[in-house]
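Structure first, commentary second.
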Amino acid sequence: MDVLEALYTTRAMRRVTDQPIPDDVKALILDAAIRAPSGGNAQNWRFLLVDDPDVRAELGPIYRDCITMLWQSIYKDRLEEARATPDDPESAQFLRVYRSADYAADHFAEYPMLLFGFVQHDPTGGSIYPAVWSAMLAARSQGVGSSLTSVLLFRNDDVLDVLQVPKDEGWIMACCSTFGYPTGRWAVAPRRPAEEVAHRNRWGTPIGLDIDGPRWQPGDAG
C-alpha cells in the first residue's frame, strides 16, 4: 500500500465486525509499533493486547461509563448546542461523531482486539503515541480499522485492576486502540483546511502554501 494512501485513509473506524484478526496480523501490528521512534531509545513502553472475550467483557461496562461521563462533562455544552441546532453543518458533524462514539461504547466488548499503550514515568506521550499510530497504520495496510481513545482514564484504577497492571512501577496508561474489520469504506476524512490551523514562523502568520484540499486522492494510489 502506498504510504500516502495509508496516511490519508487511516481514520477512526469504530463500526467493525466481530471477525477475528489473524495472529500474523496481530504480530505485524505489534512489530510495527515497537519500530517507532523512542526518546533516547529508552523504549520504556509496554503494549497490552487484549483479545480474550472475558477480559473485554469486564472492560465493556467501564468504557460505557467513561463515555457517559465524557458527554456529561467535557462535551456537555457542545452536545447540547448540537442537539439544539442539528441542521447546522458543524452540529451535524458533531452529532455524527457522537453517534459513532456511542456505538463504540455500546459494542466495546465486541471488538476483536484492543491494544493498550503504557509508558513508564513519562506523561508526555512523546514516544508512545507515535508507536500506537504506527500500529494503526500497520493495521490499515491489512484492511483492519482502528480508533484511539483515552477516555478510560476516567476510571484508570479500575482498568489497571482488570488488566492486572502493577501500580508500583510507574506505568501510565496512555491510551487504548480498538481494532477490527470495518463495516464502512475507507476514505479521506473531511478536515478543516490546513491554513486555518497552521501558522508559519510566528503565531498568526499565514502559512502561505497552496493547500486547497486533500493533497492525495484515491485516484493517486499506485
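Please work out which one of (1) in contact (Cβ under 8 Å) with a residue 12 or more places away in the chain; (2) of a type outside the set (A, V, I, L, M, F, W, C); (3) more than 28 Å from Trp171 (Cβ to Cβ) is the condition Glu80 fails and give its number.
Result: Glu80 fails condition (1) only.
Within region 123-144, is there a residue that is in contact with a Phe, Trp or Tyr (Cβ under 9 Å, 6 or more places away or on another chain) and exposed (fewer than 13 other Cβ atoms within 10 Å of the Cβ)?
Yes.
Restricting attention to region 89-99, does a residue exist that is at pLDDT 95 or above, in contact with an Asp or Glu (Cβ under 6 Å, 6 or more places away or on another chain) and either farther than 20 Å from Asn44 by Cα or among the small types (Gly, Ala, Ser) (or both)?
no
For residues in region 171-210 being among the hydroxyl-bearing types (Ser, Thr, Tyr) and within 30 Å of Asp122 (Cα to Cα), which is surrounded by the fewest Cβ atoms within 10 Å (Cβ to Cβ)?
Ser177
Please specify each residue of region 21-61 satisfying the condition of being over 17 Å from Val159 (Cβ atoms), charged (D, E, K, R) and open to solvent by 60 Å² or more (accessible area, probe 1.4 Å).
Correct list: Asp23, Asp24, Asp31, Arg35.
Could you list all residues from region 62-95 that are charged (D, E, K, R), open to solvent by less than 100 Å² (accessible area, probe 1.4 Å) and assigned to a helix (DSSP H, G or I)?
Arg64, Asp65, Lys76, Arg78, Glu80 - these are the residues of region 62-95 that are charged (D, E, K, R), open to solvent by less than 100 Å² (accessible area, probe 1.4 Å) and assigned to a helix (DSSP H, G or I).
So if I check each of Tyr111, Tyr103, which one is surrounded by fewer than 17 Cβ atoms within 10 Å (Cβ to Cβ) and on the phi < 0 side of the Ramachandran plot?
Going through Tyr111, Tyr103 in turn, the sole match is Tyr103.
Among the numbered criteria (1) outside any strand (DSSP E or B); (2) closer than 27 Å to Ile21 by Cα; (3) of a type in the set (A, V, I, L, M), which one does Ala174 miss?
Result: Ala174 fails condition (1) only.
Hey, Val151 hits all of (1) closer than 20 Å to Asp51 by Cβ; (2) open to solvent by 10 Å² or more (accessible area, probe 1.4 Å); (3) among the aliphatic types (A, V, I, L, M) but one; which does it fall short on?
It fails just one condition, (1).
Can you go through Gly117, Gly60 and tell me which one is at pLDDT 95 or above and touching an Asp or Glu at 6+ places or on another chain (Cβ under 9 Å)?
On inspection, the qualifying residue turns out to be Gly60.
For residues that are touching a Ser or Thr at 6+ places or on another chain (Cβ under 9 Å) and hydrophobic (A, V, I, L, M, F, W, C), tally how many sit in region 68-91.
Within region 68-91, residues that are touching a Ser or Thr at 6+ places or on another chain (Cβ under 9 Å) and hydrophobic (A, V, I, L, M, F, W, C) number 2.
The values are calculated or read from the model by the stated rules, or taken from the named source; none is laboratory data. The model shown is predicted, which means the values in this text are computed figures rather than measured ones. Every residue, glycine as well, gets a Cβ built from its backbone with ideal geometry; the counts of neighbours run over all protein chains shown. Accessible surface is based on the protein model in full, side chains and every heavy atom, while ligands, DNA and RNA are left aside. Shrake-Rupley method; radii C 1.70, N 1.55, O 1.52, S 1.80 Å.
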